[in-house]
Amino acid sequence: MNKPTDKKIAEVIEASTTQFTAQCYELYEVPPLGSLVKTGDIYGIVAYAETEGMEPGRKPVARGKDEATEKAVYESSPQLKKLLRSEFTAAVVGYCKDNKIHQYLPPQPAHLHSFVYLCPPEEVEEFSKSFSFLNTLLNAAIPIPAEEFVAATLRQMSHVHDNSHDFLVAAGKELANLLNSNIARLKNILEKLKIK
């Protein structure tokens, strides 16, 4: 469970059994692609992010013609921070029950308006001790190629391990088992991990 001192970064605005979408509290402050996040007892991995206007169907317009910097655009039009939003979608990869991580879909989806936290390094390390979540990532219904998603996730997780190379090699071996009938797809992921 998250501690009261953990910084909430977003709030769930849409949820299903397999994914949730969260609106960030700060414009442009979305967690990196492949980051492990948590809402309640549910774990998700950031699969997609976007920034758009608050009103559906109404696109933002260019405002910087007479400004010297991008920062100046926001200074001369401070209302932009209220008219735009950044959000991300996370693929659900597990949940925690009785202090044990289960790397399969939870019995219930995330609650709307529940807070979303970026998992601290020690929690990412604990979660990534098993690679059971990889099959979920390979089959996630997301708007980016699964190979990009899997590689980004493993690169993010490798940063918290003392020996990131060993972690990526172990992940590569697990992927080889999962993708033994699709060598081209495996090679595509491994190239993005820089494992040869």
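The values are calculated or read from the model by the stated rules, or taken from the named source; none is laboratory data. Here the structure is a predicted model, which means the values were calculated and not measured. For neighbour counting, all protein chains shown are included, and Cβ atoms are generated from backbone atoms with ideal geometry for every residue, glycine included.
Tally the residues that are modelled with pLDDT of 95 or more and either of a type in the set (Ser, Thr, Tyr) or more than 21 Å from residue 123 (Cα to Cα) (or both), restricting the search to the range 1-16.
4
For the range 177-186, name all the residues that are exposed (fewer than 13 other Cβ atoms within 10 Å of the Cβ) and in a helix (DSSP H, G or I).
177, 183, 184 - these are the residues of the range 177-186 that are exposed (fewer than 13 other Cβ atoms within 10 Å of the Cβ) and in a helix (DSSP H, G or I).
Those residues that are closer than 21 Å to residue 47 by Cα and either part of a helix (DSSP H, G or I) or touching a Lys or Arg at 6+ places or on another chain (Cβ under 8 Å) (or both), I need them from the range 150-166; list them, please. Reasoning before the result, please.
Going through the range 150-166, the residues closer than 21 Å to residue 47 by Cα turn out to be 150-160.
The answer is 150, 151, 152, 153, 154, 155, 156, 157, 158.
Could you run through the range 148-170 and say how many residues are within 22 Å of residue 122 (Cα to Cα), surrounded by 13 or more Cβ atoms within 10 Å (Cβ to Cβ) and under 18 Å from the mean Cα position of the chain (by Cα)?
11
Taking the range 55-95, which residues are touching a Phe, Trp or Tyr at 6+ places or on another chain (Cβ under 8 Å), in a helix (DSSP H, G or I) and aromatic (Phe, Trp, Tyr)? Even if it seems obvious, please write down each step before you answer.
Taking the range 55-95 as the starting set, the residues that turn out to be touching a Phe, Trp or Tyr at 6+ places or on another chain (Cβ under 8 Å) are 80-81, 86, 88-95.
Subset that is in a helix (DSSP H, G or I): 80-81.
The answer is none; no residue qualifies.
Testing residue 77 on (1) of a type in the set (S, T, N, Q); (2) buried (at least 18 other Cβ atoms within 10 Å of the Cβ); (3) at pLDDT below 85, one condition comes back false. Which one is that?
The one condition residue 77 does not meet is (2).
Can you tell me which residue in the range 70-103 is farthest from residue 131 (Cα to Cα), limited to those that are among the hydroxyl-bearing types (Ser, Thr, Tyr) and out of contact with any Pro (no Cβ under 9 Å at 6 or more places or on another chain)?
In the first step, residues of the range 70-103 are kept if they are among the hydroxyl-bearing types (Ser, Thr, Tyr); the result is 74, 76-77, 86, 89, 95.
After this cut, where a residue has to be out of contact with any Pro (no Cβ under 9 Å at 6 or more places or on another chain) as well, the list is 74, 76-77, 86.
Working: 74: 43, 76: 48, 77: 46, 86: 30 Å.
This residue is 76.
So how many residues does the range 1-54 have that are in a loop (DSSP other than H, G, I, E, B), touching a residue at least 24 places away in the same chain (Cβ under 8 Å) and either surrounded by 14 or more Cβ atoms within 10 Å (Cβ to Cβ) or not hydrophobic (A, V, I, L, M, F, W, C) (or both)?
Final tally of qualifying residues: 18.
Mind listing whichever residues of the range 105-149 are farther than 13 Å from residue 41 by Cβ, in a loop (DSSP other than H, G, I, E, B) and not aliphatic (A, V, I, L, M)?
113, 120, 128, 129, 130, 131, 132, 139, 143, 145
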